[in-house]
Each structure stands twice: as C-alpha cells, then as structure tokens.
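Peer 1: Below you'll find the structure I mean.
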Amino acid sequence: MADATTAARDRIDQALALLERRINDLKGAPVAPEDDLFALPPSPAGLAADKARIAELEAAGQEASRALAQAAEAVRAVLSESAD
C-alpha cells in the first residue's frame, strides 16, 4: 500500500509542478497594455496574441486537471484496497 500511496503522491506532485511551471511561463509572457484613455486600439495581431495566450492558459488548466484527476483516482484505488 505504501508503494501505491507514494506513486499517487508523486503523480500529484508532478501534476502540480507542471501546472506551476506552465503558469509561471505564461505569467512571464507580455501582458496586455495598461488601460489608457489615449492608447491606440489593439491591433489584430495583439488580439490574436491575447487569444493564443488564453488558449494556452486553458490548455494548461485542462492538462493539469487531467493529471490531478488521474492522481486522485490512484489515491481512491489505494484507499479502497486498504479498506478491503
């Protein structure tokens, strides 16, 4: 049981590390310009970059969600084995 618990914990740690790394990468990406009354409207290239960044964030969230779901399932399996 300890091996399965350790493996499940490792999966959770890996999923969280992946999520943290992806979020830090995306945080380092340039952000939208500050709200400025006199700023020029964003260019189509800027809007495309924003949409791409949003898609990357969504993909990272979904990837982390899948990894955490797998880890949670492994934990549930270990707990059900120990209950038997």
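Peer 1: Going through the stretch 8-28 one residue at a time, which ones are among the basic types (Lys, Arg) and either in contact with a strand residue (DSSP E or B) (Cβ under 7 Å, 6 or more places away or on another chain) or loosely packed, with under 14 Cβ neighbours inside 10 Å (or both)?
Peer 2: 21, 27
Peer 1: Another question about this same structure. Could you check the stretch 54-84 and list, in sequence order, the residues that are of a type in the set (D, E, K, R), loosely packed, with under 12 Cβ neighbours inside 10 Å and either in contact (Cβ under 8 Å) with a residue 40 or more places away in the chain or in contact with a strand residue (DSSP E or B) (Cβ under 8 Å, 6 or more places away or on another chain) (or both)?
Peer 2: Passing the criteria: only 81.
Peer 1: Sticking with this one: Please indicate, with yes or no, whether at least one residue in the stretch 31-53 is within 15 Å of the chain's Cα centre (by Cα) and either loosely packed, with under 11 Cβ neighbours inside 10 Å or at pLDDT below 80 (or both). Talk me through it step by step, then tell me what you get.
Peer 2: The first filter runs over the stretch 31-53 and keeps only residues within 15 Å of the chain's Cα centre (by Cα), leaving 53.
Restricting the remaining residues to those that are either loosely packed, with under 11 Cβ neighbours inside 10 Å or at pLDDT below 80 (or both) gives none.
No, the conditions are met nowhere in the stretch 31-53.
The values are calculated or read from the model by the stated rules, or taken from the named source; none is laboratory data. All figures in this text were calculated on a predicted structure; none of them were measured in a lab. We place every Cβ from the backbone using ideal geometry, glycine too, and count neighbours over all the protein chains shown.
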